[in-house]
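Any read-out appearing in this document is the output of simple, stated calculations on the displayed coordinates, not a laboratory observation. In this text, all values refer to a predicted model and were calculated from it rather than measured experimentally. Every residue, glycine among them, receives a Cβ derived from its backbone with ideal geometry; neighbour counts consider all protein chains shown.
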Amino acid sequence: MIRECLAIIESGDVEDLFEIIPRIGVLRDPRFREPLLSLLLDEDVKKREFAAYSMGSMRDRCFLEPLQKAFYEARKLKAFGAQELQVAIIEAIGSIGDDAAVDFFLPTLKSCCVAKAAREKRSETRNAERLSKWIIESMGAIAQQGGSRSLDALIELTEHEDPEIQAQALSELSVAYWHRPNEVSDSTLDKIYQLTSHPELIVAESAIAALQNLADVGCRRAEAFFTCSEEDDQE
């Protein structure tokens, strides 16, 4: 199976390439490293996208730096598929699960916010919003695996000036504690409680949904929020 995958990678047939990503993720053989690194530099954007997703499926930390470099190169591209490539790289970095990726994610998120605020082109604004979404989701995935720096970053983003980023950070924050719902710190829960009264509806609703998610997976203090709310309504 490894030899078959290597032969397909060497053939460069785009349709066949994407079909073997699940196999690459299961096999995770070191012999895939060099061919994937080579394809990450290919002129064909779709082949680069394949390489990025494959690297993410292997979850090999040796790919972290090449993927970051590839992202900065992808942002300069104007070719068709460049935006999909950027998303693929962001998702791959998140899949690798290295908490050090936060040093890449936060500055990249900041640049997306600048692009979104500029609103020079609608397509660029949409791309910035899309990348922001994937960056925050990726940090959520890393935080769920125990990444403390990614978790701290999500908590910080709940105070971001952009309500959409606040809302998504709250959502990912609740996901981060799915496997350890009663380890949420009091300060974090207090922050979520406070944001249920946020003037921006998208933030308030996301805070309530985050508490509901935590309550659903057994967070006793989140459950208490809804118990108290019901008692207040009865009064």
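Each of HIS160, HIS179 was scored by other Cβ atoms within 10 Å of its Cβ. Listed from fewest to most, they are HIS179, HIS160. Note on LEU27 and GLU65: the extension gain reaches 11.5 nm, defined as 0.36 nm multiplied by sequence separation minus the Cα-Cα distance.
Label sites at LYS133 and SER185, each approximated as a point 7 angstrom past Cα along Cα to Cβ, lie 3.0 nm apart.
Quick check: net charge around ASP16, other residues with Cβ under 13 Å of its Cβ, Lys/Arg +1 and Asp/Glu -1? Cβ neighbours under 13 Å give a net charge of -2. Within the listed set ALA51, ALA207, ALA74, the Gaussian network model of the chain (springs between alpha-carbon atoms below 10 Å) gives the highest mean-square fluctuation for ALA74. Calculated from DSSP H runs of 4 or more alone, at -39500 (n - 2.57) each and per residue, what is the 222 nm mean residue ellipticity of the chain, nearest 500? So the calculated ellipticity at 222 nm is -23500 deg cm²/dmol. Residue exposure proxy: LYS69, LYS191, LYS47, ordered by other Cβ atoms within 10 angstrom of their Cβ from fewest to most, comes out as LYS69, LYS191, LYS47.
Against the chain, whose longest principal axis is taken from its Cα atoms, helix 220-234 shows a tilt of about 40°. Need the C-alpha centroid separation for segment 65-103 versus segment 173-200, integer Å. Cα centroid of segment 65-103 versus Cα centroid of segment 173-200: 29 Å apart. Here the label points at LEU77 and GLU161, each 7 Å from Cα along the C-beta direction, are separated by 3.2 nm in the simple model. Neighbour counts of other Cβ atoms within 10 Å put ASP98, ASP42 in the fewest-to-most order ASP42, ASP98. For the pair VAL114 and ASP16, the difference between a 0.36 nm per residue extended length and the Cα-Cα distance amounts to 31.5 nm.
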